[in-house]
Amino acid sequence: MLNVKNRIAAFSLKAEFASRRSKLYRIAYSWCHDAALADDLAQEAIFKAIKNAASLRDVGTIDTWLYRILFNCWQDYLRIKGRNVEFVEMHDEGQTEHVDSYQQSQIVRRVRSSIEQLPMSLREVVTLSDFAGFSYAEIAEIIDVPIGTVMSRLYRARQALKQQLLDFGSDELVDMKLRRVK
């Protein structure tokens with residue numbers, strides 16, 4: 001009977017991991033700007049999560065735990081390949097070809113380009129905060145730094161993004177104000 005319960009629990013955990021795959025992929029893509037690599041990183045993170053599911057103490061922290069695994073996979077990749085990885089230009093394939101969406105796609109392109117120019121430590125924090133929606137404490141746990149470091153990196157990243165976006169010279173962006181997320 002215990003074996004059946006363990007199998008049911010393992011199956012439900014696999015389903016939980018699979019349901020978060022697209023979020024893991026998006027964050028990995030924002031870090032590496034390579035669809036194939038992002039897919040590999042997300043798949044490797046899920047594989048490691050399934051393999052080490054017994055080490056998950058609280059199902060309520062599954063997101064933080066999964067993103068920590070993804071972050072470790074990313075760090076492993078950087079360590080193996082070196083920090084001089086050349087990033088390619090991003091293309092938003094999901095964007096429709098309507099004239100109304102052109103302006104929005106230009107803004108998205110500018111923001112993505114600005115994020116791509118950030119140093120990796122700032123890029124990781126801003127994507128985990130603003131794209132994935134993690135709190136400062138969760139980010140600190142994921143990337144294994146003090147919460148004050150997360151706060152200062154996030155501040156510096158947002159200031160750099162604000163400056164880069166204002167430097168684009170767009171009238172719409174001049175009135176932009178950064179909002180506080182957490």
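Values quoted throughout were computed directly from the atomic coordinates according to the rules given, and no laboratory measurement underlies them. All values reported here derive from a predicted model rather than from experimental measurement. So basically every Cβ, Gly included, is an ideal-geometry build from the backbone, and we count neighbours across all protein chains shown.
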Computed over the stretch 2-81, the relative contact order (Cα-Cα under 8 Å, seq sep at least six) in percent reads 30
How much space per residue, in cubic angstrom, does the convex hull of the C-alpha atoms of the stretch 2-81 take up? 87
Mind giving me the nanometre distance, one decimal, between the label points for Lys48 and Ile62, set 7 Å out from Cα along Cα→Cβ? 1.9
Go through 126-139, 39-52, 106-119 and give me the packing order, highest mean Cβ count within 10 Å leading. 126-139, 39-52, 106-119
The answer for the per residue Cα convex hull volume of the stretch 32-79, in Å³, is 69
